[in-house]
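Working notes, structure below.
The values are calculated or read from the model by the stated rules, or taken from the named source; none is laboratory data. Given the structure is predicted, the values throughout are model-derived calculations rather than measurements. Reconstructed Cβ throughout: ideal geometry from the backbone, glycine too, with neighbour counts over all protein chains shown. The protein model used for the area step is the full one, side chains on, heavy atoms only, and it has no ligands, DNA or RNA in it. Shrake-Rupley method; radii C 1.70, N 1.55, O 1.52, S 1.80 Å.
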Amino acid sequence: MTMIAGNLQDVRARIATACRRAGRNVDDVTLLAVSKTFGPDAVRAAAAAGQRAFGENYVQEGLDKIASLRGLGLEWHDIGPIQSNKTRAVAEHFDWVHTVDRLKIAERLSAQRPEALAPLQVCIQVNIDGGPAKSGVAPADALALARAVAALPRLKLRGLMTIPEPAPDFEAARAVHASARALFDHLNAEGLGLDTLSMGMSDDLEAAIAAGSTMVRIGTAIFGSRAPK
Ligand SMILES: *Cc1c(COP(=O)(O)O)cnc(C)c1O
């Protein structure tokens, strides 16, 4: 077994344990493997071990991997900040975008999504803990943005995404994730029909699942630590 296959097995076991402790069904949590900075061979190894969904932060790096791994039937998620001049490449090549935080970007993605492809699957990024320098819409503005994004023809609004600051312990992490879950539930109570809450990374996936995450984005625990950029 490759190191990556073994790591994937460990991560799946962590997810299963967290789901059991939370009284949740393991099928309700999707594993997104974050392959940023790792090459196509690493993705290939993970795919051979049954992993299908991959997350990338840098558009050009993602495009290179998507091109070289075409034919494997993988699903590609853009989880990095999006600039206006990159929306066309994202709309033409990715399956999902997790980081929509303003309407202008969503409008461009919708206009540029090719008709031949399924609608682009979208999450709205929420700055859930109010970090000053962070991307993400303020929680108070999430409902209005979600309604506007949901109305765009070539996007399918799936849910919310968060990247909270590292918390000192499990309970603190769970509390922040729980506030994201409360916002998600609020939007659904308003009729948005969301099914995806993208939160939890290598260090806090248990707390995220305890709070109701439906998609965890895991890099280090699968591929190893990244070289500093
Ligand atoms: C890098 C990254 C991850 C994965 O982080 P790990 O701690 O390596 O699991 C998840 N989400 C986003 C947005 C990232 O940039």
(Q) Quick check on my filter: what residues within segment 179-229 are under 17 Å from the mean Cα position of the chain (by Cα) and of a type in the set (G, A, S)? (A) A180, S198, G200, S202, A207, A208, A211, G212, S213, G219, A221
Q: Please state which of the following conditions V126 fails to meet, knowing it meets all the rest: (1) in contact with a Leu (Cβ under 6 Å, 6 or more places away or on another chain); (2) at pLDDT below 95.
A: (2)
Q. What number of residues within segment 15-37 satisfy the criterion of being open to solvent by 70 Å² or more (accessible area, probe 1.4 Å) and either within 15 Å of the ligand (Cβ to nearest atom) or acidic (D, E) (or both)?
A. 2
Q | Near pairs, Cβ below 9 angstrom, 6+ apart or cross-chain, from segment 29-52 (free of Cβ contacts under 8 Å to residues at least 24 places away in the same chain) to any residue that is in a loop (DSSP other than H, G, I, E, B) and of a type outside the set (A, V, I, L, M, F, W, C) | A | R52/G73
Q: Of the conditions (1) more than 16 Å from the ligand (Cβ to nearest atom); (2) of a type in the set (A, V, I, L, M, F, W, C); (3) touching a Leu at 6+ places or on another chain (Cβ under 9 Å); (4) in contact (Cβ under 8 Å) with a residue 60 or more places away in the chain, I222 clears all except one; give me its number.
A: (1)
Q. Which residue out of S84, S68 is farther than 29 Å from M1 by Cα and of a type in the set (S, T, Y)?
A. S84
